[in-house]
Amino acid sequence: MSILTYALHHQGDFNKNSLGAVSAAGKLAGEIGGEAAAVVVGEGDDLSDELCASLGKYGASKVYRAKAPEGLAQPVVDVMAKVIQDEGYKYALFGGGLLGFEVGAGLTARLGAGVTMEVTAVKAQDGKLIAERPILQDSAIVDVDYVGEPGIIIGRLNAFDPAESGGGDAEVVDVDVQLEDHSTKARMIQRGESGEEEVNIEEAEILVAGGRGLGKAEGFELCEELAGALGGAVAATRAVVDAGWYPYAAQIGQTGKTVAPKLYLAAGISGAIQHKVGMQNSENIVAINKDPNAPIFEFSDLGIVGDLNKILPKLTEAVKAKKG
Ligand SMILES: Cc1cc2nc3c(=O)[nH]c(=O)nc-3n(C[C@H](O)[C@H](O)[C@H](O)COP(=O)(O)OP(=O)(O)OC[C@H]3O[C@@H](n4cnc5c(N)ncnc54)[C@H](O)[C@@H]3O)c2cc1C
């Protein structure tokens, strides 16, 4: 009844979504009477006993360490498949993020397993894990049970929060894995940071937030221009972050950041509850939406019904003219 996770690391730190998955696995394993373990891979000296054992603080009782390139999916699939086959893990749980999706999907194909993606929560029921997955544009949630083993659960980005469990060091076990030929075909050229720290939306007094109504990634230029004129920063909804239109660091809401600026200007945002919870404490909320019945108008101080493509440039012009 045990759960295996994968913990991605870079320069001595574990990725936040990986720590979230380890934490969720630790908690759930306790509830189904099993144990949580994590796989870490790496080739250099950066994978010290101490770093691996530190996952115990998040609920992992065992950490499998393998010598393989880090940051690529297929080598991790090889390692996880071997650990699952040798040790009989019943579930594999992944935090969100592209690598989690890629490794989880690869592992599913390799083991002929059942998979649920975009999972927002997992619960323990009758000694089994049930994955909760939103459907129909997030308007309903289905419970997914697994009939075979292992069950692969891939979370949405930030679905699982990192939480220290009060546990001590995890046992570190070295595993020797022969990588598949195809797993060595890709090579990591360079790894870097996404530059998320450049977007400091939590401290900005003015936020211009964009949603799917912007139409495409380039639509964010309208928000950036207005934010620049106002001396504020740009924020985003999950829909556009998931679509790759804007960096995750700018996401506001239940699975993003919570903000309370003096002014929150929402352009092309419908006002879903999951977005609302991240910005409802803003001092002044101004919404631009072409749909007069958009839910965001219900909690806006000022609502403008119209096309953001016309309104945003005019606002920017007006602000610049006033400042000039
Ligand atoms: C567990 C869970 C967690 C979630 N967490 C978050 C979260 O943290 N943050 C978050 O934002 N969402 C979150 N969501 C998703 C949320 O439910 C919504 O799907 C999302 O917020 C919708 O984003 P949106 O407003 O950009 O897009 P839409 O809902 O598609 O709204 C687009 C709006 O743009 C308007 N529009 C279109 N064209 C124009 C135009 N030219 N001019 C003006 N208006 C226009 C439309 O009328 C519409 O109201 C979560 C969902 C779940 C299930």
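The values are calculated or read from the model by the stated rules, or taken from the named source; none is laboratory data. Values in this document were obtained by computation on a predicted structure and should not be read as measured data. Counting neighbours? That spans all protein chains shown, and the Cβs are built from the backbone with ideal geometry, glycine included. The protein model used for the area step is the full one, side chains on, heavy atoms only, and it has no ligands, DNA or RNA in it. Shrake-Rupley method; radii C 1.70, N 1.55, O 1.52, S 1.80 Å.
Any residue at all in segment 159-167 that is in contact with a Pro (Cβ under 8 Å, 6 or more places away or on another chain) and under 18 Å from Ile3 (Cβ atoms)? Steps first, please.
First, pick out the residues of segment 159-167 that are in contact with a Pro (Cβ under 8 Å, 6 or more places away or on another chain): none.
No: zero hits.
Among the residues of segment 255-267, is there at least one that is out of contact with any His (no Cβ under 8 Å at 6 or more places or on another chain), among the hydroxyl-bearing types (Ser, Thr, Tyr), in the same structural domain as Gly210 (by TED's automatic domain parsing) and farther than 24 Å from Thr120 by Cα? Yes, segment 255-267 has at least one match.
Specify the residue that is nearest to the ligand (Cβ to nearest atom); the eligible residues are those in segment 197-212 that are open to solvent by less than 40 Å² (accessible area, probe 1.4 Å) and under 17 Å from Ile288 (Cβ atoms). By that ranking, first place goes to Gly211. Selection of first residues in segment 49-60 that are open to solvent by less than 40 Å² (accessible area, probe 1.4 Å) and of second residues that are of a type in the set (Phe, Trp, Tyr), restricted to Cβ pairs under 7 Å at least 6 apart or on distinct chains, gives an empty result.
Among residues belonging to segment 154-177 that are charged (D, E, K, R) and loosely packed, with under 15 Cβ neighbours inside 10 Å, point out the one that is nearest to the ligand (Cβ to nearest atom).
As a first pass, look at segment 154-177 and keep what is charged (D, E, K, R): 156, 161, 164, 169, 171, 174, 176.
This time we only want the ones that are loosely packed, with under 15 Cβ neighbours inside 10 Å, so: 161, 164, 171, 174, 176.
Values: Asp161: 13, Glu164: 23, Glu171: 34, Asp174: 38, Asp176: 40 Å.
Looking at the filtered set, the residue picked out is Asp161.
Among the residues in segment 250-258, are any open to solvent by 40 Å² or more (accessible area, probe 1.4 Å), β-branched (Val, Ile, Thr) and more than 6 Å from the ligand (Cβ to nearest atom)? Yes, that holds for at least one residue. When the residues of segment 313-324 are filtered to those that are loosely packed, with under 13 Cβ neighbours inside 10 Å and not in a loop (DSSP other than H, G, I, E, B), the one that is farthest from the ligand (Cβ to nearest atom) is Lys323. Scanning segment 259-296 for residues that are touching a residue at least 60 places away in the same chain (Cβ under 8 Å) and surrounded by fewer than 22 Cβ atoms within 10 Å (Cβ to Cβ) yields Ala272, Gln274, Lys290.
Residues that are near the ligand (Cβ under 9 Å from one of its atoms) and either over 18 Å from Ala227 (Cβ atoms) or under 27 Å from the mean Cα position of the chain (by Cα) (or both): does segment 299-306 have at least one? Checked against the condition, which is being near the ligand (Cβ under 9 Å from one of its atoms) and either over 18 Å from Ala227 (Cβ atoms) or under 27 Å from the mean Cα position of the chain (by Cα) (or both), segment 299-306 yields at least one hit. Highlighted here would be strands (runs of 3 or more DSSP E) found entirely within segment 54-170 that include at least 3 residues which are at pLDDT below 90, but there are none. If the condition is being open to solvent by less than 70 Å² (accessible area, probe 1.4 Å) and within 14 Å of the ligand (Cβ to nearest atom), then segment 124-153 contributes Ala131, Glu132, Pro134, Ile135, Ala140, Val142.
When the residues of segment 64-123 are filtered to those that are among the charged types (D, E, K, R) and within 16 Å of the ligand (Cβ to nearest atom), the one that is farthest from Gln178 (Cα to Cα) is Lys123. The selection criterion, being without any contact (Cβ under 8 Å) to a residue 12 or more places away in the chain, in the same structural domain as Ala236 (by TED's automatic domain parsing), open to solvent by 40 Å² or more (accessible area, probe 1.4 Å) and within 9 Å of the ligand (Cβ to nearest atom), holds for Lys310.
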